[in-house]
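The values are calculated or read from the model by the stated rules, or taken from the named source; none is laboratory data. What you are looking at is a predicted structure, and each value in this text was computed from that prediction instead of being measured. Neighbour counts are summed over all protein chains in view; Cβ atoms, including those assigned to glycine, are modelled from backbone coordinates with ideal geometry.
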Amino acid sequence: MVRVSELLERPAINEAGENLGEVHDIRFSSTDERPTQWTAASLLVGMGGFAARLGYAQGSVSRPAPLGALFGWVSRRGLEIPWDRVVAVRSDCIVVSGTAGDFGHPQEESTGKGDR
C-alpha cells in the first residue's frame, strides 16, 4: 500500500528517465458498486497540476482576470497521468510508462458520479 504523502511533491519520470514534473495532486474515483471505496485514478504533475488543484484548469474559479489567464495558461502545461501507467513508486521518484506526449492536461474535476 502506498500513502498519498509518499506521492506528493515527488518527481514523476518515465522509464527512459525523462522528468515529467512533480506530483502536485492525486485524483481518486469510486464506483456505483463500492461508493465508499476510493482508488487512485490519476496523478496531476507539473505546475499545471497545481493550477488544477486550485480550480483554474477550466476557468470555473471566480478570480481577477490576470490571475485567471495566468493559471489557465499554467494548467495547460501540466500532465494528468492515469494511475494504471504508474510502473513503480521509488523512494526518490515515481516511474511511469509513456512520454509527456502520451498524457493529457489536467481538467477540472468532473461533477459526475464516480469522480472526485
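Here are the numbers for this structure:
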read-out	value
Count of residues meeting criterion [of a type in the set (S, T, N, Q), in contact with a Pro (Cβ under 8 Å, 6 or more places away or on another chain) and crowded, with 16+ Cβ neighbours inside 10 Å] in the stretch 1-48	1
The stretch 9-37, subset in a loop (DSSP other than H, G, I, E, B) and among the acidic types (Asp, Glu), residue nearest to Val86 (Cα to Cα)	Glu15
Top-ranked residue in the stretch 93-110 [being outside any strand (DSSP E or B) and at pLDDT 90 or above; ranked as nearest to the chain's Cα centre (by Cα)]	Phe103
The stretch 79-104 residues that are under 12 Å from Gly17 (Cβ atoms) and among the hydroxyl-bearing types (Ser, Thr, Tyr), paired with ones that are surrounded by fewer than 16 Cβ atoms within 10 Å (Cβ to Cβ) and at pLDDT 95 or above (beta carbon under 7 Å, 6 or more apart)	Thr99/Glu18
Verdict on Ala52 being at pLDDT below 90, in contact with a Pro (Cβ under 6 Å, 6 or more places away or on another chain) and not in a helix (DSSP H, G or I)	no
